[in-house]
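Data block below; observations after.
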Amino acid sequence: MVKNRWAFALIGLCLVWRLTRLFLDFPIWGDEAMVAINFFDASYADLFQPLEYGQIGPLGWLWLEKLMFDIGGGSLFMLRLPSFVAGAVSVLVFWRVAQKVVEPRAALFSLAIFCASYYPMRYSIEVKPYAFDLLIALLLIESALSSAPKKFIVVAALGIFFSLPSMFVVAGCGLYLYYNLSAQRNLLFIGGVLLIAEYTWMTISFTSPHAEAASWLHEMDMWVTAFPPISEWWTVPSWLIERHAGYMSAYPTGGRHFGSSATLLLQILGVLVLWRQQRKSQLALLYGSLPFLFIAAAIQAYPYGGSVRVAIFLAPAICICAAVGLERLLPSPRATAVVVIAMLLFITGGILKDINQPYKTISDQNCVQFVQLLEITVDENTTLVVDVAGVDEEQATNFLEHGGGLARLRYLLRRELNKDLVLPQSLASGNSDKNVVRIHYTDHDTVPTLR
């Protein structure tokens, strides 16, 4: 009964954290804006085509966000609402999954780690699809644990429309079900064939064109290191350790350059404990997506880590196994309260931090204030021309080359003033000076200025 009370406290405070962040209405930041800017002019059919800024998102999620945009008139609250719902449901499904996989005390520890984790909370209040990646993964794992192949096939069929990496989890969970449910292998085989056909169609008609339009992503520092060094195969083991000790294992927190080493060590200990307890099938289910993720990374089709968001579907495995390791290190029943209270304090600290700083970066807040000031300067006949500090006008021929910071400004201008920016080289020669306002823009936490 005490453990149930601890679970209720963790889930309740975790949801309070998400609600607090949602209603604080953080200003939009660059990554969100690069997606949201597409909803002003694109129709539902247009979203099937490659997006501006090379953004890649599942089709069903894009349509859902477009619907929220149309209903809310660009309201960030409405755009973030789907992620909030997905994140809130994920907390409840995670608790159900943890209780099916491990003993009650380890399940409670895993819930504590999950609820206190910053990144699942953050991505449940952003205009990005990562909260759906986590939710679909949890629903797939839960249906496999429940030995419910029909439910699994339905979730898998819908999942690809809301989570692109769900195919890794589907593959892992599908093999688990096929091995454990010999009596229903015909159903699973037929479902598998249909799912492969669906995923192939989605990849050819939707995902691949979007990926080709965003091929420049492979040149980003975050992505370059997220592909295994196959040509230097002897370095792959050390590369894997570095990947898993970085952002991939940042639960409840962590970072790059082995910043999540403690969680990785707990996770390894937990895997060994479960292995010795003859829970190999549960381990195979939790980590079944890893081989497929590695194969995709080896052919440079999907990054292997580099950030929490691209591998957030591994959160159930990481949190549960790290909790098992933590339980083994702290066998005393008295340690239960210590661990749970520590995580509750962690969550409370996150809530207080968000209240004290209701924005991701100060430049996000400055950009909102700048647009508010700009409202009294321009009228419907004004052309807004942007000069970006440190960027050569001759080389920067489109907004993509200016990055997410300028996408944030563009989104706010479109929403508040119904105006978009014009690059200097795109300015029509016929415009008179009196109708042109030049904006000097920099993304170094300063306020844009008028020229």
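What follows is calculated from the coordinates using simple rules that are stated; it is not laboratory data. In this text the structure is predicted, and so the values were computed from the model without any measurement. We place every Cβ from the backbone using ideal geometry, glycine too, and count neighbours over all the protein chains shown.
In terms of its Cα atoms, the stretch 2-356 spans 59, 52, 43 Å along the principal axes, sorted from long to short.
Ranked for footprinting exposure by Cβ neighbours inside 10 Å, fewest first, 244, 210, 257, 440 give 257, 440, 210, 244. Counting only cysteine Cβ atoms and a cutoff under 4.7 Å, the chain contains unmatched residues 173, 319, 321, 367. Length available on full extension from residue 233 to residue 44: 0.36 nm per residue minus the Cα-Cα distance, which gives 63.6 nm. Three semi-axes describe the equivalent ellipsoid of the stretch 269-320; taken as square roots of 5 times the Cα gyration tensor eigenvalues and ordered largest first, they are 24, 12, 8 Å.
Considering all C-alpha pairs of the stretch 303-394, those separated by over 23 Å amount to 62%.
Enclosing the Cα atoms of the stretch 124-200 in their convex hull gives a volume equal to 71 cubic angstrom per residue. Note that the stretch 224-383 carries a Kirkwood radius of 18.8 Å, evaluated over its alpha carbons pair by pair.
Averaging 1/r over each pair of different alpha-carbon atoms in the stretch 2-81 and inverting the result gives 14.4 Å, the Kirkwood hydrodynamic radius.
Evaluate E = 1/(1 + (r/R0)^6) for residue 418 and residue 23, where r is the Cβ-Cβ distance and R0 equals 22 Å; express this FRET efficiency to the nearest 0.05. Calculated value: 0.25. For the chain, the membrane-span-like helix rule (DSSP H, alpha carbon extent of at least 30 Å along the helix axis, mean Kyte-Doolittle at least 0.5) picks out 2-24, 76-101, 334-356; this says nothing about an actual membrane. Ellipsoid semi-axes for the stretch 165-266, based on the Cα gyration tensor and the rule √(5λ), read 31, 22, 13 Å when sorted largest first. Could you list the residues of the stretch 137-167 with an amide nitrogen less than 13 Å from a label point located 7 Å from the Cα of residue 190 in the Cα-to-C-beta direction? Residues 150 qualify, since their backbone N sits under 13 Å from the label point.
With a cut-off of 14 Å between beta carbons, the residues surrounding residue 420 carry a summed charge of +1, where Lys and Arg count +1 and Asp and Glu -1. Quote the FRET efficiency, to the nearest 0.05, computed for residue 284 versus residue 4 with a Förster distance R0 of 30 Å and r equal to the Cβ-Cβ distance. Using R0 = 30 Å, I get an efficiency of 0.55. In the stretch 25-56, whose amide N lies under 19 Å from the spot 7 Å out along Cα-to-Cβ of residue 215? List them in ranges. 49-56, by backbone N distance to the label point. Calculated translational diffusion coefficient of the stretch 227-317 (20 °C, 1.002 mPa s; Stokes-Einstein with Kirkwood radius over alpha-carbon pairs) equals 157 µm²/s. Placing dummy labels 7 Å off each Cα toward the beta-carbon, the span from residue 342 to residue 328 is 1.7 nm. At the listed q of 0.17, 0.20 Å⁻¹, the Debye profile of the stretch 91-163, built from one uniform point per Cα, gives log10 I(q)/I(0) equal to -0.69, -0.89.
Applying 1/(1 + (r/R0)^6) with R0 = 25 Å to the Cβ-Cβ distance of residue 150 and residue 63 gives a FRET efficiency near 0.50. Length available on full extension from residue 198 to residue 180: 0.36 nm per residue minus the Cα-Cα distance, which gives 4.0 nm.
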